[in-house]
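One structure is given here, and the rest of the page talks about it.
The values are calculated or read from the model by the stated rules, or taken from the named source; none is laboratory data. Owing to the predicted nature of the structure, the values given are computational and were not obtained by experimental measurement. A quick note on method: Cβ atoms are made from the backbone with ideal geometry, for glycine too, and the neighbour counts reach across all protein chains shown.
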Amino acid sequence: MANWIPLWLHRLSSPPTFYRFAGTLRPWAMGLAIVLGVIGLVGGLVLAPADYQQGDAYRIIFIHVPSAWMSMFIYAVMGVSAFIALVWRIKLAEVVAMESAPIGAAFTFITLVTGSLWGKPMWGTWWTWDARLTSELVLLFLYLGVLGLYHAFEDRRQGARAAGFLAIIGIINVPIVHFSVNWWNTLHQGSTVNIFGHSKMAWDMLWPLLTMTLATKFYYAASLFRRAQTDLLDLESGKDWVRKIAESEADR
Amino acid sequence: MNALQTFFAMGGYAAYVWPAYALFFIVLIADTVAPRLRRRRILAELRARLARQSARHERHSIPPPSD
């Protein structure tokens, strides 16, 4: 193991320690996700004014754009964890990579369907083979490919290794999704929000969008913690610490 | 039309806005429930395995492994 990795990170990657750590943080992450989600939705659905061009249809943005950002963010987390798992053989990195895949796939699916529901009244079509939409669909297939490959092997660690390779190769698609609206002529509108520059959006609409973005980030953390905990129980089901959990929950 | 009706009408786009929000919540709720069910199944299977093991040990009067 490389000695530049801090000791606490080393300890944290031990399954029982991470199980406790995730169990402590998960309720906070879920609580923040729900509170921020409620605030963001009230701001977006009730307080924000209607768009002067799109009327109330634009309100889909408050779930569509945060989900789209999450679809790319989670892919990046999955790719980096898969890389760490392949290079340093850290079991926890493997768990994080493989348990991120279903959450990422869920957000990608939401992005595609809500985008379709937004496209119909605005563009007059549910779907078009434009660069942004196509690359997002490829992202969904990458997630499904990672999940399929992972479950195709009898030995789960072997499956995780194969799926990890696919996850790493697929990272190339993330910048393609992001820059597709600049690189090609697309029907999809360009970026409205710019973190480092001036956003082309009124503050009344921007703050609910950013709040929803934070809410989805915390949701991902909560969901990942829960999934990683569950997966660690499966992975270590012969170990003493898992046995204790199984026995203590039998009484309930 | 009162304020609530106006809100639900979404300026005529209700048929697009509300299904989008419904899908968002359905997918995320499914994503939250799935690992809970898996956790319950894993622990139930483990308990069944432990029960079988201890029954076997009792039959052969071997003390259970102390690991």
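Couple of notes before you dig in:
- Note on the stretch A:82-91: residues that are closer than 15 Å to A:G159 by Cα and either crowded, with 21+ Cβ neighbours inside 10 Å or free of Cβ contacts under 8 Å to residues at least 60 places away in the same chain (or both) amount to 3.
- For the residues A:I84, A:I110, the requirement of being β-branched (V, I, T), within 14 Å of another protein chain (Cβ to nearest Cβ) and within 20 Å of the chain's Cα centre (by Cα) singles out A:I110.
- Residue list for the stretch A:12-62, filter: more than 9 Å from chain B (Cβ to nearest Cβ), β-branched (V, I, T) and in contact with a Ser or Thr (Cβ under 7 Å, 6 or more places away or on another chain): A:I39
- Residue in the stretch B:14-33 that is aliphatic (A, V, I, L, M), closer than 30 Å to A:M30 by Cβ, more than 32 Å from the chain's Cα centre (by Cα) and at pLDDT 85 or above present: no
- Looking only at the stretch A:52-66, residues that are surrounded by 15 or more Cβ atoms within 10 Å (Cβ to Cβ), without any contact (Cβ under 8 Å) to a residue 60 or more places away in the chain and outside any helix (DSSP H, G or I) come to 2 in all.
- Positions within the stretch A:21-50 being free of Cβ contacts under 8 Å to residues at least 12 places away in the same chain, of a type outside the set (A, V, I, L, M, F, W, C) and within 17 Å of A:I63 (Cα to Cα), in sequence order: none
- Number of the condition not met by A:T125 [criteria: (1) more than 17 Å from A:A228 (Cβ to Cβ); (2) surrounded by 24 or more Cβ atoms within 10 Å (Cβ to Cβ); (3) among the polar types (S, T, N, Q)]: (2)
- Test: residue in the stretch A:53-76 that is on the phi > 0 side of the Ramachandran plot and in contact with a Gly (Cβ under 6 Å, 6 or more places away or on another chain): yes
- In the stretch A:95-104, the residues that are within 13 Å of A:A167 (Cβ to Cβ) and more than 9 Å from chain B (Cβ to nearest Cβ): A:V96, A:A97, A:M98, A:S100, A:A101, A:G104
- The combined condition, being at pLDDT 95 or above, out of contact with any Lys or Arg (no Cβ under 9 Å at 6 or more places or on another chain) and not aromatic (F, W, Y), is not fulfilled by A:V46.
- Here the condition is being surrounded by fewer than 17 Cβ atoms within 10 Å (Cβ to Cβ) and within 30 Å of A:L209 (Cα to Cα); of A:L36, A:L41, A:L47, it holds for A:L47 alone.
- Residue match in the stretch A:164-172 (condition: modelled with pLDDT under 90 and surrounded by fewer than 19 Cβ atoms within 10 Å (Cβ to Cβ)): no
- Each residue in the stretch B:13-38 was checked for being facing chain A (nearest Cβ under 7 Å) and either among the basic types (K, R) or over 18 Å from A:A101 (Cβ atoms) (or both), and 9 pass.
- Note on the stretch A:140-252: enclosed helices (runs of 4 or more DSSP H) holding 2 or more residues that are touching a helix residue (DSSP H, G or I) at 6+ places or on another chain (Cβ under 7 Å) and farther than 29 Å from B:Y21 by Cα are A:156-170, A:203-235, A:240-250.
- Candidates are the residues of the stretch A:1-41 that are of a type in the set (D, E, K, R) and more than 18 Å from the chain's Cα centre (by Cα); the one that is modelled with the highest pLDDT is A:R20.
- Failed item in (1) under 27 Å from A:E99 (Cα atoms); (2) within 14 Å of chain B (Cβ to nearest Cβ), with A:L210 passing the rest: (2)
- Just one residue in the set A:D204, A:D231 is within 30 Å of A:V35 (Cα to Cα) and at pLDDT 90 or above; that residue is A:D231.
- Qualifying residue in the stretch A:128-136 (condition: within 14 Å of another protein chain (Cβ to nearest Cβ), under 26 Å from A:D56 (Cα atoms), surrounded by 18 or more Cβ atoms within 10 Å (Cβ to Cβ) and within 16 Å of the chain's Cα centre (by Cα)): no
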